[in-house]
Structures are given as structure tokens and as C-alpha cells.
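Visitor: Below you will find the structure I want to go over with you.
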Amino acid sequence: MNAKSPSSLSGAQVDREHAHHLLHQMLRIRRFEEKSAELYTLMKIRGFLHLCIGEEAVAVGVCEALEPEDGVVATYREHGNALARGISASAIMAEMYGKQEGCSRGRGGSMHIFDDKTRFYGGNAIVGCGLPLAVGLALADKMQGRKRVTCCFFGDGAIAEGEFHESMNLAALWHLPVFFVCENNLYAMGTALERAQSVTDLVRKAASYNIASSAVDGMDVLTVEAAAKEAVNIVRREQEPYFLECRTYRFRAHSMFDPELYRSKAEVEKWKKRGPIVTLVKRLKKQGLLSDVELEQLEQQVAREIEEAVAFAENGTWEPVEDLTRFVYSERG
Amino acid sequence: MSKNEMIQITYREAVREAIREALRRDERVFLLGEDVGRYGGCFAVSKGLLEEFGPERIIDTPLSESGFTGAGIGAALGGMRPIVEIMTVNFSLLAADQIINNAATFLHMSGGCFNVPLVIRMSTGGGKQLAAQHSHSLEGWYAHIPGIKVLTPATLEDARGMLWSALEDPDPVLIFEHQSLLNMEGQLLANAGAVDIDRAQIRRPGSDLSVITYGASLFKALEAAEILAGEGIEVEVIDLRALRPLDDATFLTSIASTHRALIVDEGWRSGGISAEICARIMEGAFYELDAPVERICGAEVPMPYAKHLEEAAMPQVEAIVTTAKRMVRSNG
Ligand SMILES: Cc1ncc(C[n+]2csc(CCOP(=O)(O)OP(=O)(O)O)c2C)c(N)n1
Ligand SMILES: [Mg+2]
């Protein structure tokens, strides 16, 4: 199997415009998440809220590699994936407010972002439950002769579930075009990877199912993007699954109720220095591809978008209670 | 410590004290589940226990509900007394095979050779805007299964006292702790201990109507009863405490004096525990009734996230009050 050690493109020259686009996408996610945390303390957003701050490069790099017709399955930590995939910040924000203008009509909330236009199949909050879904979506494509890719995001914690192993086996056995993307942030809630896995080299697990695989530095958006493009090409061309491990880190608590007893502040600080946004900004500045003014302009553009999203959510409406039992069965008419 | 000394305690602390007592009293007892140790428990129930009892008895597991629940069953068969913690009832579905096909059947399949002295604790219920994969009330569904016992502690006494009795039971016992009760605070006897796990209890006596309920709905029923008392309607509130075995004698006796019954259940109406209770009333107290039995249940919808919809999907005090009034005044 072509399991590679984490590679990085830090030396390579990059296209200025494209680099700005990637930075813009990551900033959108970062500021969106920061605003969400703020709105949570104001009790505008309720329920469980899981932020992906620190993991932006994975969402952005991977979604860059996908075509509009491809499908995406994600977890409850999915705002970044959803934004990078092209769901509007307004629709996601309104969803977290519980308003009917939200992408899931306020029925799902933060953990259940869905969108048919971008083929975004959740927002799944049972750990591991998205993987078999992705296998089925790919199976349908295969049966109907479509050359689409189904991209499935999941955390390192999901690797311990039976559904991970069942899905890997089925995808390999049936030769299905599933792009498995493990967002390995080293923890499942408070359980460190080495406390959950007898073998922590996750690529070897894919290899044991005869699935092509590689691991990349998930803090470097250019590296993730390059690896994802290569992987998606293989999946589309060969009609075979691929497993990409993105080594990343969440800077914030697991959810809003986590006192973080299981890791040290020093560890978090160490990772923050390698944050995907600071890393890219530093490199672009060094290569003369980004000025302070340009960065400020990007920030302002993002700030406006977030402001609009919040206004959209604030102005949204509550679904009438009489509609409570809608969408339990399909409405035919 | 005087005999009647009271302490101020939360439901969460009461459960924690119960686990601590069990770990101290019986060296075969250990706690097994996701994030019970270093994280302190997903709802902070087991916080501090790892430090006190060590990693051999407070065991963090990987995310593998079927695997560690099955391991709990095996350890119980092997002479230990495991307490398996599953974060929420929704995730217990990943362990349903082990619970239903193994824990519940082993004694019978083996012709009485192998009993499974296992306790599984999990949270249940809505009210926290956690939407459709974290809020359901499936305890009534587990009550369908012969071979297991299903407990629904609502009060501090039961949160503190049911665990030990469950551990003493030779067979698998499931304990459902309602998410919205964890922060409930009140007075408890400092020396509170084990309680029975097979009898319903009358939490408020009354003569006009029997309200049969359990779990977090108990407090909604009690609140409604208080309001109704102000209007001259005396409601008897029955806390089932256990859904299997179901103590029908207590509610049938109550109905024999009130002649009316209202069931309040956060679970869904169709095929739920409320339907079973209703059927038992038909079988055992039909001629006592002055009015049809009524039910207030969870709406037949996966739990919505938005607060106003979630509230509308769950039994509420107002509905209990209106229904009770209608039932008492319409007839008899
Ligand atoms: C089947 C199941 N068990 C437990 C949980 C509770 N839970 C939610 S997130 C989580 C950790 C998952 O970790 P990982 O897969 O690494 O994703 P991350 O949160 O790190 O992004 C747990 C245990 C759940 N949602 N589903
Ligand atoms: Mg993780």
C-alpha cells in the first residue's frame, strides 16, 4: 500500500490569488466559529456546540478538491466543512438560532447541518454513523454509473467504532468511490488517541483493508489540498476508496461544557503556534504574496459576511408550532 | 452524625455518591465507559472518581459501545460487578445487540446456568435542545424486553439508592437518568442508602384523579397537581420508578379510589410504555373507571432542536392541568 509519512509543501511556490482564496475560506470559518462561541454565551445558540477552530485547513483543503456534484458526509463538528462546501454562513447561523430559514429549518441545530443543493448529508451526531451512509451513497453512484465521489469526514474517535471497520471493508470489497477523511485531532472528547487505539498509525488500518491511504499535516492547507486532489483523482479515476488522515488539533474545548482536564495548556499553546491561519499568513508574507493591507481587506470582507449572517438569523422567524410533526413522513402533493 | 441529618445535594452528586459507595463496599465493582475517567464523565457524574479509585476501577473505553457493553456482560459472567455507563440512550442503540441479544437472554438460553449481574447506566430524555440524536426517551422501549430490569430514578433518594440495589440484583439492570434532572438540588438524608427497585410510589396523595408518570415528568405532574389543588382538584401522583417489572398493583389500587387515570410519558405514544399501562388498566380496573384513560406523551416526531418546537414535543405542565380539569369536570 502506498502509505506515506506526513508530507508538507512548505517550500513550494503558490499562486497568489488561489492562496488568498484559501486564506479567505479559513478566515471565514475561524471568525464564524468565534462568533458562534460568543452567541452561545448570549444563549442565542443552544444545545451542543462543537467548534473546529484549529482544524480549518482540513475542511478547506479537502473541499477544494471536490466537484459540485460530489457528496459530503460530516460529523457534528461540521460548520467548517459546511462553509467550505458552500453552504451560506447565513443559512448555518439561522439553523443554530433554530429559525426556519436555517438550512435544516431549525430542526437540526449546530450538530445537524444539511443541504441538498451542495449534497451535504449532515451533520451526524452519532460517532461513526456517517461512514456507512457514505458507503451507500457511493454504492448508488456506482449502480447508476455516475462518476461522483462521496467525501466522508470523521474524527479519530470514530475509528474505534465497528461502523468504521464495517464501512472500510465494504468500500474496499465493493470497489466504491468513497473518500474517507479522518480529522485526527488526537482526542475524542477527553480520550487521547493512544488511550483508544492499540495501533495509532491510522493509515495502517486502511492498509489492512487494501485501501490506498496517506497521512498529511492537517495544519497546512496547501499540503491538505494537494493530498486531497491527488486522492480524489484516484477515487474518481479508479472507482476505489481512499483514506486520508489529516493530523490536526482542536484549539477549543470539545464542546461548550468541557473543562479540559485531560490535556495541558502548554500542549494547546504549542499547537496554536502551528495554527493553519498563522502558518499560511506567515508563509505568504515571507514569499511576498500577502500584504498587511490585503489581510485587513480579507478580514473586513469576512466580518461583513458574519455580520450579515447574524442579522439574517436574528431576523429569521420561528416555524409555527402547528407544523411540529411535519417532515416525519414525506409530504406528497 | 445524627440520624436525621440532612445534606444539600444535586441529583448528579447523589449518583456519584452511589457509585462511590458501591466501589468502596464491593471490590468486584468497577465503572466502565466513554470518558468516565479523565474527562470526568460526559455529564460530570463520575468527576473525581478516577483520582480516588484509580484507572483499574474507573476505566475509560474507546468509542465502542457494543464492545465495552459486551465486555461488561462478560465481566459480569466472570464474577465481577461492572457498572457500564453509556453516555445517552441514543448511543445505547449501538450496544442494543449486546443488551438485548446477550444480557437479556443469557440466563434463559443457558437454562439457568449463567446469570448476568450487570448494571448499565445511561442518560435519557429531552429538554436541553440536543435534537434528534441525543434527546429521546427509549426506556419504555427497553421495558419491552424480558430478562432486563428498567429503572427510572426521579428523586434524589432514588438517584442515591437505586444503584446499590441494582448491583445486588443477580440480573441485568438498566438505569435511566434524565438529563434535565442532573442539576436538580435538594435535601437528602446524610445516611441515605439502598432503596427497593420494584415498587411504584405515591408522591402526592389525592382523590380525584391518578396521574401515572416517571422520570423528569414526575416534577411536571407534581407542579400541575399543586396548581390543580388551588382549583379544588386533588390529584394523586404516582411515580412508577421502575418500568420493568411494572408495579401495576399500585396504580390499580389508586384508580380504585380516584376512578380516573391520566398517564404522562415523555416517550412516544404509539406502542410506548403508556400504551402498556393503559392496557393494564383496561385489564385490571376497567369497571372502576368513571372516564376514559387519557395520555399525554411525547409528540410523534424526532426531537426538534428549536426550543419552542422541543417544548411542544414534550409533555408540559399546562397540558396536564387542562387535561386533568377536563377529565374531572366532564364526568362522574
Ligand atoms: C455513538 C456515540 N458515542 C458517543 C458519543 C458522544 N461523543 C460525541 S463526540 C465524541 C468524541 C468523538 O471524537 P472524534 O471522533 O475524535 O471527533 P472530534 O470530536 O475530535 O472531532 C463523543 C464520545 C456520540 N456522539 N456517539
Ligand atoms: Mg478527535
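The values are calculated or read from the model by the stated rules, or taken from the named source; none is laboratory data. Just so it is clear, the model here is predicted, and its values are computed rather than measured. Counting neighbours? That spans all protein chains shown, and the Cβs are built from the backbone with ideal geometry, glycine included.
Visitor: Taking B:VAL264 as meeting all but one of (1) aliphatic (A, V, I, L, M); (2) touching a Gly at 6+ places or on another chain (Cβ under 6 Å); (3) not in a helix (DSSP H, G or I), write down the number of the exception.
Guide: The single condition B:VAL264 does not satisfy is (2).
Visitor: Quick one: B:VAL195 ticks every box in (1) under 18 Å from B:VAL150 (Cβ atoms); (2) assigned to a helix (DSSP H, G or I) except a single one, so which number is it?
Guide: (2)
Visitor: Next question, about the same structure. Just a yes or no: is a residue in region A:133-155 more than 21 Å from A:TYR249 (Cα to Cα), out of contact with any Asp or Glu (no Cβ under 8 Å at 6 or more places or on another chain) and within 14 Å of chain B (Cβ to nearest Cβ)?
Guide: Looking for residues that are more than 21 Å from A:TYR249 (Cα to Cα), out of contact with any Asp or Glu (no Cβ under 8 Å at 6 or more places or on another chain) and within 14 Å of chain B (Cβ to nearest Cβ), one finds at least one in region A:133-155, hence yes.
Visitor: Right, here's the next one. Any residue at all in region A:180-202 that is part of a helix (DSSP H, G or I), within 14 Å of another protein chain (Cβ to nearest Cβ) and charged (D, E, K, R)?
Guide: yes
Visitor: Those residues that are aliphatic (A, V, I, L, M) and either out of contact with any strand residue (DSSP E or B) (no Cβ under 9 Å at 6 or more places or on another chain) or more than 15 Å from ligand 2 (Cβ to nearest atom) (or both), I need them from region A:148-188; list them, please.
Guide: Filtering region A:148-188 down to residues aliphatic (A, V, I, L, M) leaves A:149, A:158-160, A:168, A:170-173, A:176, A:178, A:181, A:186, A:188.
Residues satisfying the conditions are A:VAL149, A:MET168, A:LEU170, A:ALA171, A:ALA172, A:LEU173, A:LEU176, A:VAL178.
Visitor: Okay, next question. So which residues in region A:122-151 are out of contact with any helix residue (DSSP H, G or I) (no Cβ under 6 Å at 6 or more places or on another chain) and either hydroxyl-bearing (Ser, Thr, Tyr) or within 13 Å of ligand 1 (Cβ to nearest atom) (or both)?
Guide: Matches in region A:122-151: A:GLY122, A:GLY123, A:CYS129, A:GLY130.
Yes/no per residue for (1) crowded, with 20+ Cβ neighbours inside 10 Å; (2) out of contact with any Pro (no Cβ under 6 Å at 6 or more places or on another chain); (3) basic (Lys, Arg):
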| residue | (1), (2), (3) |
| --- | --- |
| B:ASP169 | no, yes, no |
| B:VAL173 | yes, yes, no |
| B:GLU177 | yes, yes, no |
| B:LEU181 | yes, yes, no |
| B:LEU189 | no, yes, no |
| B:ILE197 | yes, yes, no |
| B:ARG204 | no, yes, yes |
| B:VAL211 | yes, yes, no |
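Visitor: Please specify each residue of region B:267-315 satisfying the condition of being farther than 30 Å from A:GLU95 by Cα, outside any helix (DSSP H, G or I) and not charged (D, E, K, R).
Guide: Within region B:267-315, B:GLY271, B:GLY272, B:LEU289, B:ALA291, B:PRO292, B:VAL293 meet the criteria.
Visitor: Inspect all residues belonging to region A:185-196 and state whether any of them is away from ligand 1 (no atom under 16 Å from the Cβ), surrounded by fewer than 20 Cβ atoms within 10 Å (Cβ to Cβ) and of a type outside the set (Asp, Glu).
Guide: No, because not a single residue in region A:185-196 is away from ligand 1 (no atom under 16 Å from the Cβ), surrounded by fewer than 20 Cβ atoms within 10 Å (Cβ to Cβ) and of a type outside the set (Asp, Glu).
Visitor: Answer yes or no: is there a residue in region A:23-37 that is among the hydroxyl-bearing types (Ser, Thr, Tyr) and at pLDDT below 95.
Guide: Within region A:23-37, none of the residues are among the hydroxyl-bearing types (Ser, Thr, Tyr) and at pLDDT below 95.
Visitor: Hey, among B:LEU252, B:LEU262, B:LEU222, B:LEU243, which residue is closer than 26 Å to B:ILE7 by Cα and of a type outside the set (S, T, N, Q)?
Guide: B:LEU222
Visitor: Looking at the structure I just gave you, is B:ASP158 touching a residue at least 24 places away in the same chain (Cβ under 8 Å) and surrounded by fewer than 20 Cβ atoms within 10 Å (Cβ to Cβ)?
Guide: Taking the combined requirement at face value, the residue does not satisfy it.
Visitor: If B:LEU32 meets every condition in (1) away from chain A (no Cβ under 11 Å); (2) crowded, with 21+ Cβ neighbours inside 10 Å; (3) farther than 23 Å from A:VAL199 by Cα apart from one, which number is that one?
Guide: Failing condition for B:LEU32: (3).
Visitor: Taking the stated definitions as given, is B:ASN102 outside any helix (DSSP H, G or I) and more than 16 Å from ligand 2 (Cβ to nearest atom)?
Guide: In short, no.
Visitor: Right, next: Looking only at residues in region B:77-92 that are surrounded by 17 or more Cβ atoms within 10 Å (Cβ to Cβ) and over 17 Å from the mean Cα position of the chain (by Cα), which one is nearest to the other protein chains (Cβ to nearest Cβ)?
Guide: Among residues in region B:77-92 that are surrounded by 17 or more Cβ atoms within 10 Å (Cβ to Cβ) and over 17 Å from the mean Cα position of the chain (by Cα), the one nearest to the other protein chains (Cβ to nearest Cβ) is B:PRO82.
Visitor: If you go through region A:203-218 one residue at a time, how many are within 15 Å of ligand 1 (Cβ to nearest atom) and either surrounded by fewer than 21 Cβ atoms within 10 Å (Cβ to Cβ) or modelled with pLDDT under 95 (or both)?
Guide: 1
Visitor: Could you grab me the full set of residues in region B:108-133 that are assigned to a helix (DSSP H, G or I) and surrounded by fewer than 17 Cβ atoms within 10 Å (Cβ to Cβ)?
Guide: B:HIS108, B:MET109
Visitor: Shifting gears a bit: Return the residues of region A:250-267 that are at pLDDT 95 or above and aliphatic (A, V, I, L, M); say none if nothing qualifies.
Guide: Matches in region A:250-267: A:ALA253, A:ALA266.
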